[in-house]
Every structure is written in structure tokens, then in C-alpha cells.
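Have a look at the structure below, then the notes.
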């Protein structure tokens, strides 16, 4: 997925730093990815730690992480289920009726052809689940596969804050249901769909990795349609873009982010804490250092990299797209 804030390209830098501080052998460690997003960082450590604890407030993220982190054993016949879903007769449902041109005459997040295919697949997955015909593990695998496959043919400039006026080339392609393959290992993992500042009271471990929102853009609004596909509930879409009610993070507000972050660090029962943040964040480097230093030994490493932008014009400006990624490190002592 083209995901804002994704740490895919930065994973080697993050892993190298964590190894240098927490040790090269993490096989006995509990690793927590508290703002998991698509689960890229948790996946990077899944086979190397005793347990991954993954969490995100957004439901589409929960679905992805239930598959990529929660699933760790082979699932029998999962390819056969995918094949059946990919060849279903189409169905006009909630996605087509509200997010395709043919359904409501305006919104165009998907082509009509892909909208009715998404509805058919999503309806069948839920029917299997309600009829106890598939396991929870298979359910989340199939749902994650649909979410990622649908995202590849979405008619947007990456995020779902708006749709494009004309169907772009990639959105004209027919949805091809591809498997969301996960890593196999022998360890059990935990996946949560909770507010991070509440969950921190009930978990503990060795390594806490934090990648909260940097700015005022809410992920619940930017990726609202992925939540709708994941939940497949009924509501009245709002406004031109068809928004649903969405979560609002305290980390997206200049007035609340520092207090929320301080509370999180204070309550965290982890020896090593790593915070990914960049030079455009709501909290300055000095603010982060001031907060983290209250609770132990603080240090900082950074890396300049080319970030992803949804706007193609901005992507052409390579100089403007350079950003400084900070990895704040705390060895907690109090």
C-alpha cells in the first residue's frame, strides 16, 4: 500500500538502531508496535522476537495486523477461498451505491466494475464468517487481501480524502484479488484495536516502538473508505467525499500532543522506547527530548530520506521531498 508515514524504506535504519541499543539477539524479547499502521515494523521483528504486540486505533489497520502479525501458522486451502472470491458474480452493494459513479452519480472512488466486485467479495467473506464456515485466521487473511487489492485500484491520489474527477489508469484495471501473505513462525502474538494511551496501562515488555501521527491530518479521515470496507457496516456517508464518523487522535493536535505523549512515556512498562518522528512534526526535537529525559537516559539518531507525497507535482521536487527522520531513544529508569 502507498501509506502516508510508512516505515518500509526506513525499516533497515530502525532495525539497525534497535539492534545497537537493545542487542542483536532479541529472541527472548517482547516487542510492541503501538501505532502499527500497516504493520511494517512489527513484521520486520516478527520472526526475531518472542512476541509482537501490535496495536492501532483504526479498524483497517487492526485487520491488516490481525493477518500480518496475528497469523503465524499455515492456513489450509486459503488459495482456494481466494480463487472462489475472485470469480464470484458481481453484486451492487454499499460500496457501489455510495462510492462509485454508477451508484450515486458523483463519487468515483472506484470504477463501477470494481465497486460491484468489492461488494460481492466482502459480502461473501462476511457470510462465511457468520455461518462459521471459516476460522478467524482465514477471515482476517481474506479481508486483508481484499483491502490491499482494492487499494491498488482506488481512484485517488493515494489517500481517501478525495476521489479523482477522471478514472486514472491504475483504477481502470480490474481488481485482482491477491493474497496478503504473512510470515510463519512458532510464537503467539497479540493484536489490539485500542487507544494507545489506554492500552499502555495493560501491557508490558522489553521494546516499545512508537510511530504516532506527526501532524494534524487524521488517519481516520484519510483512510475512511478502507475502514468502511473492513467493517462493511451501514451508515449515511457525509458530504461530497462520503465520510463516515472517524477517530480523532490526540497526537494530531498541537494543544494535546505533548501532554498525551508525556502520559504515554510515563506509564510505559518497557525498558527501551523508540520514537519515530520527523522534522515536520507537531512536537519539536527539544520538546521530545525534554519529555523523554524525565524518565531515563535519552539519545537521538536521525536519517535524511525521500518521503512519499500523494501530490505528483510535489513528488517531482526531490529537494522539497527530503525530510529528516528522527529516532528518539529512551532507556527507561523511572
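Looking at the chain only, what percent of DSSP beta bridges run antiparallel? Nearest 5 please.
Numbers: 19 of 35 bridges.
DSSP beta bridges in the chain are roughly 55 percent antiparallel.
I'd like to know how region 1-73 sits against the 2.2 N^0.38 Å rule of thumb: what's its Cα Rg over that expected value? Walk me through the numbers before you get to the answer.
Working: Rg = 12.0 Å, N = 73, 2.2 N^0.38 = 11.2 Å.
Cα-based Rg divided by the globular estimate yields 1.07.
Listing 332, 15, 254, 66 from the residue with the fewest other Cβ atoms within 10 Å to the one with the most, what is the order? The partial results should precede the final answer.
Numbers: 332 18, 15 15, 254 10, 66 24.
Ranking 332, 15, 254, 66 by Cβ neighbours within 10 Å, fewest first, gives 254, 15, 332, 66.
If you work out Cα extents along the principal axes in Å from the coordinates, which of (i) 59, 44, 33; (ii) 55, 44, 37; (iii) 69, 59, 37 do you get?
It is the value labelled (i).
Fully extended, how many nm does the chain gain between residue 255 and residue 324 (0.36 nm per residue separation, minus their Cα-Cα distance)? Provide the component values of the computation, followed by the final result.
Values: separation 69, 0.36 × 69 = 24.84 nm, distance 2.33 nm.
Taking residue 255 through residue 324 to full extension adds about 22.5 nm, to one decimal.
Among 131, 296, 205, whose mean-square fluctuation peaks in a Gaussian network model of the chain (Cα, cutoff 10 Å)?
With Cα springs under 10 Å in the chain, the top fluctuation among 131, 296, 205 is at 131.
Only Cα pairs within less than 10 Å get springs; with that Gaussian network setup on the chain, which residue of 20, 36, 162 has the largest fluctuation?
In the Gaussian network model the winner is 20.
Can you tell me the length gained on complete extension of the stretch residue 20 to residue 88, counting 0.36 nm per residue apart and subtracting the Cα distance?
Values: separation 68, 0.36 × 68 = 24.48 nm, distance 5.01 nm.
Length difference between fully extended and current span is 19.5 nm.
If R0 is 35 Å, what FRET efficiency do you get for residue 193 and residue 97 from their C-beta distance, rounded to 0.05?
Details: r = 27 Å, r/R0 = 0.76.
The value I calculate is 0.85.
Calculate how steeply helix 112-130 sits against the longest principal axis of the alpha-carbon atoms of the chain, using the helix alpha-carbon long axis, and give the answer as 0 to 90 degrees to the nearest 10.
The angle comes out at about 70 degrees.
Please give the contour-minus-distance gain from residue 235 to residue 185: 0.36 nm per residue of separation, less the Cα-Cα distance, rounded to one decimal in nm.
On the way: separation 50, 0.36 × 50 = 18.00 nm, distance 3.91 nm.
Once the chain is fully extended between residue 235 and residue 185, it gains 14.1 nm.
If you take the Cα atoms of region 115-221, find Rg, then find the Kirkwood Rh from the mean of 1/r over all pairs, what is Rg/Rh? Please report the intermediate quantities before stating the final value.
On the way: Rg = 17.7 Å, Rh = 17.3 Å.
Result: Rg/Rh = 1.02.
Using Cβ counts within 10 Å as a stand-in for footprinting exposure, how do 109, 8 rank, fewest first? Numbers along the way, then the final one.
Numbers: 109 26, 8 14.
Lowest count first: 8, 109.
Would you mind computing, in nm to one decimal, how far apart the modelled labels at residue 106 and residue 76 are, each placed 7 Å from Cα along Cα→Cβ?
With each label placed 7 Å out from Cα toward Cβ, I get 5.1 nm.
Angle, helix 11-22 long axis vs. longest principal axis of the chain, Cα atoms, 0 to 90°, nearest 10?
Roughly 30 degrees, rounded to the nearest 10.
Roughly how tilted is helix 136-152, in degrees to the nearest 10 and between 0 and 90, from the longest Cα axis of the chain?
80
In which sequence would 75, 200 go, from the one with the fewest C-beta neighbours within 10 Å to the one with the most?
Details: 75 17, 200 22.
Least to most surrounded, the residues fall as 75, 200.
Between 163, 62, 81, find the one with the highest GNM mean-square fluctuation for the chain; connect C-alpha pairs within less than 10 Å.
Greatest mean-square fluctuation among the candidates belongs to 81.
Any read-out appearing in this document is the output of simple, stated calculations on the displayed coordinates, not a laboratory observation. None of these values were measured; they are calculated from a predicted model. Cβ coordinates were reconstructed from backbone atoms using ideal geometry, including for glycine residues, and neighbour counts include every protein chain displayed.
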